[in-house]
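Just so it is clear, none of the values below were taken in a lab; they were calculated from the coordinates. A quick note: this is a predicted structure, and the numbers were derived from the prediction, not measured. Glycine also receives a Cβ, built like all others from the backbone with ideal geometry; neighbour counts cover every protein chain displayed.
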Amino acid sequence: MVAEIRIYFEGHVLLKPGFSRFFDQLRSRARERSCKFELISGGSGSAACRDFTIALATHPRALNILLADSEGPDTGNLSESLCRKHSWDQSHRGSIYWMVEMMEAWFHADKEALEEFYGRDFRRNALKANPKVEEISKDDLKRGIREATKYTQKGDYFENKTSHGPGLLSAISPEKVQGAAPNCKRLFADVLAKLE
């Protein structure tokens, strides 16, 4: 069992409370096992990779995890390619997890939570109906969320991402996301297994 889990996520530091709520099950299980659980914002994807590289050297006994947007389809070798790009040992492939093609795919997995968050004038039918959210292209994800939210009182998600993102991450169901996003399911399963 590990004594420390450090998740380096791509995204603004203001998303941290939302990710904290989303990963509540993992944090609670870590606490039960007297394991330190830390979420570290990397900002951009390249900055998160840099922080992950540093963590591999400075926290070698921790379970260091990188969580990043794939920015494209899951080809099955995303982690292998990233390891090559950053000259990481291929043994770190299993510590890299993807939001395919971007974090907002997770929001598509729980349309009810989005509808409740945005309220009146939310256009749910603008979102792609595909229940396999990792198959929705980045362009379609962006277009759908923009069209669904732009007429709401809270306004366009992408114009208010740092204020809406934490609330949406807190509101969506981790179970629904895991059911719709295999990479998210793998993250939960792997971390829980390390905490057995």
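Quick notes
- The residues Asp110, Asp24, when put in order of fewest to most other Cβ atoms within 10 Å, stand as Asp24, Asp110.
- Taking other C-beta atoms within 10 Å as the exposure proxy, Val13, Val133, Val191 rank Val13, Val191, Val133 from fewest upward.
- Summed over qualifying helices (DSSP H, 4 residues or more, each -39500 (n - 2.57)) and divided by its residue number, the chain shows a 222 nm mean residue ellipticity of -14000 deg cm²/dmol.
- For the set Lys16/Lys128; Lys85/Lys150; Lys128/Lys161, the pairs lying more than 29 angstrom apart at their alpha carbons are Lys85/Lys150.
- Computed FRET value (nearest 0.05) for Glu116 with Val13, which takes r as the C-beta separation and R₀ as 41 Å: 0.95
- Each peptide in 135-147, 164-176 receives the mean, over its residues, of other Cβ atoms within 10 Å, and ordering these scores from highest gives 164-176, 135-147.
- Those chymotrypsin sites (Phe, Trp or Tyr not before Pro) in segment 106-187 that DSSP places in a loop and that have at most 15 other beta carbons within 10 Å: Tyr151
- Proxy reagent accessibility, fewest Cβ within 10 Å first, across His108, His86, His92: His86, His92, His108
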